[in-house]
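Enquirer: Here's a structure for you.
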Amino acid sequence: MNLGIAIADFTRPGGPTGIARHVARLARTAEEFGFTRIAVMDHLFQIGIVGASEQEMLEAYTTLGYLAASTERAELLALVTSVGYREPGLLAKMITTLDVLSEGRAALGIGVGAGFNLAEARGLGLPFPPVAERFERLEETLRICLQMWSDDEKPFEGRYYRLERTLNSPGTVRRPHPPILIGGSGERKTLRLVAEYADACNLFHGPDLQHKLDVLRRHCDDVGRDYAEIEKTVLLPLDPGAYGENIRSLLTELRRLDHIGIDHVIGPIRGTDQHAALRLLGERLVPEALSI
């Protein structure tokens, strides 16, 4: 079982001047202890589960570029990119740039942002069309990224996007392209797109997780995709407790997730001292998790 961290809380006692050191230290510590992925959210206002919207939030891809320079081994991604916030050609170029500058460690995490980003989108004047349209735009975005990560420079003509030349130079370091992770658990559309386009999925942790995997397997059967090819990841908060008292229960849950076919758990680090919590996880959870 591989573990990754999601950096979600940027509020520091010293204000903005301490954020850069905080983020870099978290990322380097995670890498030191064997966490294999480092993710950030594609939000521009802080989300309610973490804090008030007025609390500090960094733009995802600027942050990932900084993390590329701060780390050496971990895969870097947004969990997950909101499809409407960036035009697909630009997004493909951004992922390519991140991949080149991180020497092959970028991944595209993407989803529709179903209703979750509405306040920040309206607040900052960003597009946030109805959910059905966002799904259609998501599929076109996936097709555009895959075309730009190939040798095909032909025009792309879709319902929502028109690209006259899908030139992408330099190409990606990672071959055949940076992995695509689609986040979300919608049974009719999201998991179908995973079966058709994705290298990985990110599912919500909950009692219906086995059912969601069964739905994904059926979609794979329908499109002729090998279900085993798709990496299954889950977003699960990682809170070791102040003295590590939660480590045993976390390990029990990791074993259960492994049993139903989850490959990778990615989680925000919980606790009043994120650095201390991360070290506890690194010292006591990661070695056991890697042996599962």
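Enquirer: Filter region 24-49 down to residues that are outside any loop (DSSP other than H, G, I, E, B) and within 13 Å of the chain's Cα centre (by Cα) and give me whichever is surrounded by the fewest Cβ atoms within 10 Å (Cβ to Cβ). Spell out how you get there, then give the answer.
Expert: First, pick out the residues of region 24-49 that are outside any loop (DSSP other than H, G, I, E, B): 24-32, 37-40.
When the remaining residues are screened for being within 13 Å of the chain's Cα centre (by Cα), the result is 37-40.
On the way: ARG37: 23, ILE38: 29, ALA39: 30, VAL40: 26.
The selected residue is ARG37.
Enquirer: If you check every pair at least six apart or on different chains, which have Cβ atoms under 8 Å apart with a residue in region 277-292 that is farther than 15 Å from SER249 by Cα and modelled with pLDDT of 95 or more first and a residue that is of a type in the set (S, T, N, Q) and assigned to a helix (DSSP H, G or I) second?
Expert: Correct list of pairs: LEU278/THR29; ARG279/THR29; GLY282/THR29.
Enquirer: With the structure loaded, tell me whether LEU76 is at pLDDT 95 or above and either assigned to a strand (DSSP E or B) or in contact with a Phe, Trp or Tyr (Cβ under 8 Å, 6 or more places away or on another chain) (or both) or whether it fails that test.
Expert: yes
Enquirer: Something else: What do you reckon, is LEU91 touching a strand residue (DSSP E or B) at 6+ places or on another chain (Cβ under 8 Å), farther than 23 Å from ASP199 by Cα, surrounded by 13 or more Cβ atoms within 10 Å (Cβ to Cβ) and in contact (Cβ under 8 Å) with a residue 12 or more places away in the chain?
Expert: Taking the combined requirement at face value, the residue does not satisfy it.
Enquirer: I need the full set of residues from region 103-161 which are open to solvent by less than 20 Å² (accessible area, probe 1.4 Å), within 27 Å of GLU56 (Cα to Cα) and without any contact (Cβ under 8 Å) to a residue 40 or more places away in the chain, in order please.
Expert: ALA121
Enquirer: Of everything in region 15-47, what is more than 12 Å from PRO268 (Cα to Cα) and in contact with a His (Cβ under 9 Å, 6 or more places away or on another chain)? Give them in sequence order.
Expert: Correct list: HIS22, ARG25, THR29, THR36.
Enquirer: Follow-up. Name the pairs: first residue in region 206-230 and within 19 Å of PRO179 (Cα to Cα), second residue of a type in the set (Phe, Trp, Tyr) and open to solvent by less than 60 Å² (accessible area, probe 1.4 Å), Cβ to Cβ under 8 Å, at least 6 apart or on different chains?
Expert: LEU216/TYR227; CYS220/TYR227
Enquirer: Could you grab me the full set of residues in region 178-188 that are in contact with a helix residue (DSSP H, G or I) (Cβ under 7 Å, 6 or more places away or on another chain) and either open to solvent by less than 60 Å² (accessible area, probe 1.4 Å) or within 23 Å of LEU76 (Cα to Cα) (or both)?
Expert: PRO178, ILE180, ILE182, GLY184, SER185
Enquirer: Could you list, in sequence order, the residues of region 203-242 that are of a type outside the set (S, T, N, Q), closer than 29 Å to GLN274 by Cα and open to solvent by less than 30 Å² (accessible area, probe 1.4 Å)?
Expert: Initially, region 203-242 is screened for residues of a type outside the set (S, T, N, Q), giving 203-209, 211-232, 234-242.
Those left that are additionally closer than 29 Å to GLN274 by Cα: 203-207, 209, 231-232, 234-242.
Of everything in region 203-242, those that are of a type outside the set (S, T, N, Q), closer than 29 Å to GLN274 by Cα and open to solvent by less than 30 Å² (accessible area, probe 1.4 Å) turn out to be LEU203, GLY206, LEU209, LYS232, VAL234, LEU236, LEU238, PRO240, GLY241.
Enquirer: THR97 is checked against (1) part of a helix (DSSP H, G or I); (2) buried (at least 24 other Cβ atoms within 10 Å of the Cβ); (3) not aliphatic (A, V, I, L, M) and fails just one. What number does that condition carry?
Expert: Unmet condition: (2).
Enquirer: Among the residues of region 4-12, is there at least one that is among the polar types (S, T, N, Q) and at pLDDT 95 or above?
Expert: Scanning region 4-12 turns up no residue that is among the polar types (S, T, N, Q) and at pLDDT 95 or above.
Enquirer: So which of ALA20, ALA78, ALA69, ALA52 ends up being open to solvent by 40 Å² or more (accessible area, probe 1.4 Å), free of Cβ contacts under 8 Å to residues at least 40 places away in the same chain, of a type in the set (Gly, Ala, Ser) and touching a helix residue (DSSP H, G or I) at 6+ places or on another chain (Cβ under 9 Å)? Lay out the reasoning, then the answer.
Expert: On the way: ALA20 fails: free of Cβ contacts under 8 Å to residues at least 40 places away in the same chain; ALA78 fails: open to solvent by 40 Å² or more (accessible area, probe 1.4 Å); ALA52 fails: touching a helix residue (DSSP H, G or I) at 6+ places or on another chain (Cβ under 9 Å).
Sole residue among the options that is open to solvent by 40 Å² or more (accessible area, probe 1.4 Å), free of Cβ contacts under 8 Å to residues at least 40 places away in the same chain, of a type in the set (Gly, Ala, Ser) and touching a helix residue (DSSP H, G or I) at 6+ places or on another chain (Cβ under 9 Å): ALA69.
Enquirer: Among the residues of region 162-177, which ones are open to solvent by 80 Å² or more (accessible area, probe 1.4 Å) and of a type in the set (D, E, K, R)?
Expert: ARG162, GLU164, ARG165, ARG175
Enquirer: Is one or more of the residues making up region 148-171 among the β-branched types (Val, Ile, Thr), closer than 24 Å to ALA39 by Cβ and out of contact with any Cys (no Cβ under 6 Å at 6 or more places or on another chain)?
Expert: Here is the first cut: in region 148-171, the residues among the β-branched types (Val, Ile, Thr) are 166.
Remaining after also requiring closer than 24 Å to ALA39 by Cβ: none.
So far as region 148-171 goes, no, none of its residues is among the β-branched types (Val, Ile, Thr), closer than 24 Å to ALA39 by Cβ and out of contact with any Cys (no Cβ under 6 Å at 6 or more places or on another chain).
Enquirer: Can you tell me which of ALA195, ALA200 is touching a helix residue (DSSP H, G or I) at 6+ places or on another chain (Cβ under 9 Å), open to solvent by less than 80 Å² (accessible area, probe 1.4 Å) and within 28 Å of VAL100 (Cβ to Cβ)? Even if it seems obvious, please write down each step before you answer.
Expert: Numbers: ALA195 fails: within 28 Å of VAL100 (Cβ to Cβ).
Only one candidate passes the filter, namely ALA200.
The values are calculated or read from the model by the stated rules, or taken from the named source; none is laboratory data. Worth saying up front: this structure is predicted, and the values here are computed from it rather than measured. Positions of Cβ are backbone-derived with ideal geometry, glycine not excepted, and every protein chain shown enters the neighbour counts. Remember, those area values only see protein heavy atoms, side chains included, never the ligands or the DNA or RNA. Shrake-Rupley method; radii C 1.70, N 1.55, O 1.52, S 1.80 Å.
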